[in-house]
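Once you've had a glance at the structure underneath, I'll fire off some questions.
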């Protein structure tokens, strides 16, 4: 029955059916009448490698469309024996081989030899790393769509592509292509060209005149190395809808003439260039933009009034554009339509009005980024509808009305109000904002105790209250925040004992920092339950007792070169190709003796800092199991005993400070084994014996070892018992020195007088008396002439004899 049906089959789609080479070949062999009239074959998302191409030439000569994307195809898949070719593939118009493992030119040879009438070729997402072959335009001149994006293609764009007058869409983005754009454009004869995407390459040169491409709709040249200005002729592209030129080196002015005729434009991105936009206050754009990116361009100082005409904006990026102005009220009314907005790093002034508007939640997430301005006052309640709100580095002074105000639907997950002027106590109604995942209130003027209601934020992954004036003990309710990854309470006035529930309940913690507070008691042994911890900082408190010996339970610190590119789950917003972080994770860390703020570290510094406390006992030798440890600071405590030799196993250690303790014994001979060690401080202890030698250990100066009375070695310029006394050369007596001084003075004086007398006795008469000077010059001239004659005669004789 199926054999009777198959000869009339025109379309076969077996997408994601777990087919293998054997399955396909058996299917073909068992049905001899297979695919007589087949025009479309789609085998995408299967594990095919080679069989398909051996049988492809036995398919119907009517085959027009072939889809084999994501089939694990390699270069060997296209090495088809000539004996397998029984019919032509000249009817094949569309080939989609995207997201495979193709690497060399084998695929291009197959295409050029067997598909001369191809109209659409898609090869994005492969591993192609060769130059684009010149065969395009020379062999295949019927292409309408060519997609080679997301590969590793190199070299210039071949000029032969310009010979394909039928080409409408060309996508070469995300490669390593180079060369000047003008050399490609000027050699092109595209009549119906509609889309050009060369973004994310290394294309150089200036923007050429594109006015001949009257059908162009999409022009994407972002992330290249283009220079110069934007020609006014770009305003002649009447069909242009999408213009993306961000992340280049473009400069110069843009005025109404560049954009007046672009009535169909919906996407404009000029971000990260040195462009200056100069529009009249009365200018009314002819377009209605959906997305606008002008970050780092010059747009201010006045707020752009022409934005009032844009009623369809969903994405807006005006960050760092030099606006020094109040935000007009009409702009805030537009927020109900904008999904993603970034107007940070300007000098925006005034208050955000509390408008009774409902934001557009159809395109979540909504993100408003207004950091690094001069906004002041309260935070209006309507902003609780956004997914992420960043108002850091402003002059916001009140938090209570935002947290405790409007009760109802709330979407806010990220709230960053760091570096403001918020004073008073933390509000005690956080249950109204229990959707929060990231909360940063650091560097404000908050006081009082942490409210119990903060324990209702059970979705929190980051709680940062650093550098305020918070007092009292940590509330017991915070143990409910079991998802916490970052817990930063440093630089406050918190007191009491470090609670055991931190280790028992917050086992997802990767960063725990409580430095510079007033915590007392011992370091709880439950802290060892934090197997994922990367950074533990309890420094500058009043802790006592010893270090728990279970440090080997810090599993994450046992791994060398620990890379944590997603220490927190990165939350991003996007509009087409716009992407940026909403919450910039940062941590304050004492690094090599100084405080540093690390922003979104790719490699998180594994660190333990227990310095400046009242800790006693010995340093546990199990600390030597933490092979990924980069920084260890136990200074300014009362540790005694010897430095454990196991510390020498910490091959990743760059910073070690054990100073100002009561440590005794010798410096372990294993310490010089740490090649990465850049800072070492063992000063002000009771260490004794010779300073260990080896490798780069001699590079540490006296300051690393001073204050240890019984320590000796070259660094301290102090010999050790048993060292051989080195005899210094005996210094000459004072009388001998005086005699030598008189002798050498007389010698040098006589030499000087002799040179003076000889010089003027010989040359003085010649230089001062004109007759002798003339005679001397004539003698030199005759001598030079005689030498030249002798040389010429010698050369002539050699030529005659030769």
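Does residue 167 meet the test of being assigned to a loop (DSSP other than H, G, I, E, B), within 21 Å of residue 119 (Cα to Cα), without any contact (Cβ under 8 Å) to a residue 40 or more places away in the chain and in contact with a strand residue (DSSP E or B) (Cβ under 7 Å, 6 or more places away or on another chain)?
It is true that residue 167 is assigned to a loop (DSSP other than H, G, I, E, B), within 21 Å of residue 119 (Cα to Cα), without any contact (Cβ under 8 Å) to a residue 40 or more places away in the chain and in contact with a strand residue (DSSP E or B) (Cβ under 7 Å, 6 or more places away or on another chain).
Just to be sure, is residue 687 in a loop (DSSP other than H, G, I, E, B), at pLDDT 90 or above and surrounded by 13 or more Cβ atoms within 10 Å (Cβ to Cβ)?
no
So residue 156 fits all but one of (1) modelled with pLDDT under 85; (2) surrounded by fewer than 16 Cβ atoms within 10 Å (Cβ to Cβ); (3) touching a helix residue (DSSP H, G or I) at 6+ places or on another chain (Cβ under 9 Å); what number is the exception?
Only one criterion in (1) modelled with pLDDT under 85; (2) surrounded by fewer than 16 Cβ atoms within 10 Å (Cβ to Cβ); (3) touching a helix residue (DSSP H, G or I) at 6+ places or on another chain (Cβ under 9 Å) is unmet by residue 156, namely (1).
Being closer than 19 Å to residue 294 by Cα, buried (at least 18 other Cβ atoms within 10 Å of the Cβ) and either out of contact with any strand residue (DSSP E or B) (no Cβ under 8 Å at 6 or more places or on another chain) or in contact (Cβ under 8 Å) with a residue 60 or more places away in the chain (or both) is the filter here, so list the residues in segment 332-363 that pass it.
339, 340, 342, 345, 346
Name the strands (runs of 3 or more DSSP E) wholly within segment 384-459 that hold at least 1 residues that are on the phi > 0 side of the Ramachandran plot?
Once the strands (runs of 3 or more DSSP E) in segment 384-459 are filtered for at least 1 residues that are on the phi > 0 side of the Ramachandran plot, what remains is 423-425, 445-449.
Return the pairs, sorted by first residue and then second, in which the second residue is surrounded by fewer than 21 Cβ atoms within 10 Å (Cβ to Cβ), the first residue lies in segment 506-524 and is at positive phi, the beta carbons are less than 8 Å apart, and the residues are 6+ apart or on different chains.
Qualifying pairs under 8 Å: 521/496; 521/497; 521/544; 521/545.
Here is a list of conditions, (1) outside any helix (DSSP H, G or I); (2) on the phi < 0 side of the Ramachandran plot; (3) at pLDDT below 95, and residue 556 meets all of them except one; can you say which number that is?
Just one mismatch for residue 556, condition (1).
Just need a number here: residues in segment 647-661 that are in a loop (DSSP other than H, G, I, E, B) and either buried (at least 22 other Cβ atoms within 10 Å of the Cβ) or at negative phi (or both).
Adding up the residues that qualify gives 8.
On the basis of being out of contact with any helix residue (DSSP H, G or I) (no Cβ under 6 Å at 6 or more places or on another chain) and at pLDDT below 95, does residue 389 make the cut?
No, not satisfied.
Would it be correct to say that residue 215 is in contact with a helix residue (DSSP H, G or I) (Cβ under 7 Å, 6 or more places away or on another chain), in contact (Cβ under 8 Å) with a residue 12 or more places away in the chain and farther than 29 Å from residue 296 by Cα?
no
Now a separate question. Would you mention how many residues in segment 690-711 are within 20 Å of residue 656 (Cα to Cα) and either modelled with pLDDT of 85 or more or surrounded by 15 or more Cβ atoms within 10 Å (Cβ to Cβ) (or both)?
Number satisfying all stated conditions: 15.
Quick one: which of 543, 551, 538 is over 17 Å from residue 479 (Cβ atoms) and at pLDDT below 95? Steps first, answer last, please.
Numbers: 543 fails: at pLDDT below 95; 538 fails: at pLDDT below 95.
Of 543, 551, 538, the one residue that is over 17 Å from residue 479 (Cβ atoms) and at pLDDT below 95 is 551.
Please state which of the following conditions residue 485 fails to meet, knowing it meets all the rest: (1) within 26 Å of residue 617 (Cα to Cα); (2) touching a strand residue (DSSP E or B) at 6+ places or on another chain (Cβ under 8 Å); (3) at pLDDT below 95.
Residue 485 satisfies all of (1) within 26 Å of residue 617 (Cα to Cα); (2) touching a strand residue (DSSP E or B) at 6+ places or on another chain (Cβ under 8 Å); (3) at pLDDT below 95 except (1).
Does residue 319 qualify as being in a loop (DSSP other than H, G, I, E, B), within 28 Å of residue 234 (Cβ to Cβ) and touching a strand residue (DSSP E or B) at 6+ places or on another chain (Cβ under 7 Å)?
yes
Is it the case that residue 246 is within 27 Å of residue 153 (Cα to Cα) and either buried (at least 21 other Cβ atoms within 10 Å of the Cβ) or in contact with a strand residue (DSSP E or B) (Cβ under 9 Å, 6 or more places away or on another chain) (or both)?
Against the criterion (within 27 Å of residue 153 (Cα to Cα) and either buried (at least 21 other Cβ atoms within 10 Å of the Cβ) or in contact with a strand residue (DSSP E or B) (Cβ under 9 Å, 6 or more places away or on another chain) (or both)), residue 246 qualifies.
Quick grid of which residues meet (1) modelled with pLDDT of 90 or more; (2) under 33 Å from the mean Cα position of the chain (by Cα); (3) crowded, with 16+ Cβ neighbours inside 10 Å:
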residue	(1), (2), (3)
393	yes, yes, yes
404	no, no, yes
410	no, yes, yes
418	yes, yes, yes
421	yes, yes, no
424	yes, no, no
427	yes, no, yes
433	no, yes, yes
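So, one more: Counting only residues that are touching a helix residue (DSSP H, G or I) at 6+ places or on another chain (Cβ under 8 Å), in contact (Cβ under 8 Å) with a residue 24 or more places away in the chain and over 18 Å from residue 377 (Cβ atoms), how many does segment 317-331 have?
So the count comes out to 0.
For segment 62-79, give me each residue that is modelled with pLDDT under 85, surrounded by fewer than 17 Cβ atoms within 10 Å (Cβ to Cβ) and in a loop (DSSP other than H, G, I, E, B).
62, 79
Being in contact with a strand residue (DSSP E or B) (Cβ under 9 Å, 6 or more places away or on another chain), under 23 Å from residue 720 (Cβ atoms) and surrounded by fewer than 22 Cβ atoms within 10 Å (Cβ to Cβ), is that true of even one residue in segment 620-640?
So far as segment 620-640 goes, no, none of its residues is in contact with a strand residue (DSSP E or B) (Cβ under 9 Å, 6 or more places away or on another chain), under 23 Å from residue 720 (Cβ atoms) and surrounded by fewer than 22 Cβ atoms within 10 Å (Cβ to Cβ).
Condition check ((1) buried (at least 17 other Cβ atoms within 10 Å of the Cβ); (2) touching a strand residue (DSSP E or B) at 6+ places or on another chain (Cβ under 7 Å)) across all residues:
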{"site": "113", "(1), (2)": "no, no"}
{"site": "126", "(1), (2)": "yes, no"}
{"site": "131", "(1), (2)": "no, yes"}
{"site": "134", "(1), (2)": "no, no"}
{"site": "137", "(1), (2)": "yes, no"}
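Would it be correct to say that residue 324 is over 27 Å from the mean Cα position of the chain (by Cα) and modelled with pLDDT of 95 or more?
yes
Looking only at segment 271-286, which residues are in contact with a strand residue (DSSP E or B) (Cβ under 8 Å, 6 or more places away or on another chain) and free of Cβ contacts under 8 Å to residues at least 40 places away in the same chain? Reasoning before the result, please.
Initially, segment 271-286 is screened for residues in contact with a strand residue (DSSP E or B) (Cβ under 8 Å, 6 or more places away or on another chain), giving 271, 273-278.
Selection gives 273, 274, 276, 277, 278.
Hey, any hits in segment 637-652 for a residue that's closer than 24 Å to residue 542 by Cα and in contact with a helix residue (DSSP H, G or I) (Cβ under 9 Å, 6 or more places away or on another chain)?
Step one: filter segment 637-652 for residues closer than 24 Å to residue 542 by Cα, giving 637-643.
Filter again for in contact with a helix residue (DSSP H, G or I) (Cβ under 9 Å, 6 or more places away or on another chain), leaving 643.
Taking every residue of segment 637-652 in turn, at least one turns out to be closer than 24 Å to residue 542 by Cα and in contact with a helix residue (DSSP H, G or I) (Cβ under 9 Å, 6 or more places away or on another chain).
Ok, one more. Would you mind finding the one in 210, 177, 161, 226 that is part of a strand (DSSP E or B) and in contact with a helix residue (DSSP H, G or I) (Cβ under 9 Å, 6 or more places away or on another chain)?
226
May I ask you to list the residues in segment 630-646 that are within 22 Å of residue 513 (Cα to Cα) and assigned to a strand (DSSP E or B)? Break it down stepwise before answering.
Step one: of segment 630-646, the residues within 22 Å of residue 513 (Cα to Cα) are 630-639.
Of everything in segment 630-646, those that are within 22 Å of residue 513 (Cα to Cα) and assigned to a strand (DSSP E or B) turn out to be 631, 632, 633.
The values are calculated or read from the model by the stated rules, or taken from the named source; none is laboratory data. The shown structure was predicted, so the numbers you read here are calculated from the model rather than taken from an experiment. Note that each Cβ is placed from the backbone with ideal geometry, even for glycine, and that neighbours are counted across all protein chains shown.
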